[in-house]
Amino acid sequence: MNYLSHFYVHQNGNNPHYSLGLIFPDLSRGFVKLPGKLESSVYGNLHAMAAGCMQHYQADKQFHASPFFDWGTHTCTQMLNKAKFTETVNRRWFMGHVLFEMLLDRLLINHQPQVGIDFYADLQELSLNDMQQFVSFHQHNDYDRFLRFFEHFRSVAYIQNYPDNNLFAFSLSRIMKKAGLAELSLTDKIVLQECVWDLESNAFKNVQSVLFELKEVFKK
């Protein structure tokens, strides 16, 4: 899943520290080792952050083992395999996985925009002092760089721009680059956009059903 989907499924009222924990394992990848898996005891806001992290791990485990995940990644990968990219696109199965997770967030922004508003409102409430204290309980590196990344993440609020087809394709291309793959060319980003339109017009057309199935994964 992606950031907004974690929040959508497991948000807990107005609890910004828990909300941060729900996305922290992904957000801090490369900066913090085993976020939330603390040997020392924490309390208060830091406990809420750790609890959110542990919920993230549990959610990933359930989601990636679910028939819903298999359906979504297969559907997206099948579409990408048929796409007429002009340049070589490797590991389309990985791209299909990422595309499915990003599409879920895009569906939320397009059809339940309040989820995105609440998500970023929670992040804006967070104290950087609490963040620094939480990170200090872990093995970590380059805290100042991570802090700049976090500030950029919550101020730019790029998930809110997922309805923009160009920015959506750009975001997926950047994730591919971070994974060691080549970024998509301008032409191939247009091909990707056509794949997204096809998916949203067919397999993902019944948005409420898709989001219902997402939540059902965690009731089992």
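The values are calculated or read from the model by the stated rules, or taken from the named source; none is laboratory data. What you see is a predicted model; the values in this text were computed from it and never measured. We place every Cβ from the backbone using ideal geometry, glycine too, and count neighbours over all the protein chains shown.
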| In the range 11-31, what residues are among the hydrophobic types (A, V, I, L, M, F, W, C) and farther than 16 Å from TYR120 by Cβ? | PHE31
| request: Determine the pairs where a residue that is closer than 15 Å to VAL89 by Cα and touching a residue at least 60 places away in the same chain (Cβ under 8 Å), located within the range 155-178, has a partner that is assigned to a helix (DSSP H, G or I) and hydroxyl-bearing (Ser, Thr, Tyr) with Cβ atoms under 6 Å apart, the partner being 6 or more residues away or on another chain. | output: none
| field | Matching option when the condition is of a type in the set (Phe, Trp, Tyr) and touching a Gly at 6+ places or on another chain (Cβ under 8 Å), among PHE100, PHE31 | value | PHE100
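Table: residues versus (1) polar (S, T, N, Q); (2) farther than 30 Å from PRO67 by Cβ; (3) within 20 Å of the chain's Cα centre (by Cα).
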| site | (1), (2), (3) |
| --- | --- |
| ASN141 | yes, yes, no |
| GLU151 | no, yes, yes |
| ILE175 | no, no, yes |
| LEU181 | no, no, yes |
| LEU186 | no, yes, no |
| ASN206 | yes, no, no |
| GLU216 | no, no, yes |
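Does THR73 qualify as being without any contact (Cβ under 8 Å) to a residue 40 or more places away in the chain and under 30 Å from SER201 (Cβ atoms)? Before the answer, list the steps.
Working: without any contact (Cβ under 8 Å) to a residue 40 or more places away in the chain: yes; under 30 Å from SER201 (Cβ atoms): yes.
Against the criterion (without any contact (Cβ under 8 Å) to a residue 40 or more places away in the chain and under 30 Å from SER201 (Cβ atoms)), THR73 qualifies.
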| said: Tell me whether the range 138-148 contains one or more residues that are touching a residue at least 12 places away in the same chain (Cβ under 8 Å) and touching a strand residue (DSSP E or B) at 6+ places or on another chain (Cβ under 7 Å). | reply: yes
| said: Can you pull out every residue in the range 74-93 that is more than 19 Å from the chain's Cα centre (by Cα) and of a type outside the set (D, E, K, R)? | reply: GLN78, MET79, LEU80, ASN81, ALA83, PHE85, THR86, THR88, VAL89, ASN90
| note | Listed by range, helices (runs of 4 or more DSSP H) wholly within the range 76-159 having at least 3 residues that are in contact with a Cys (Cβ under 6 Å, 6 or more places away or on another chain) are 92-111
| message | Test of understanding: among GLY96, GLY36, GLY116, which residue is within 23 Å of ILE159 (Cβ to Cβ), at pLDDT below 95 and either surrounded by 13 or more Cβ atoms within 10 Å (Cβ to Cβ) or not polar (S, T, N, Q) (or both)? | response | GLY36
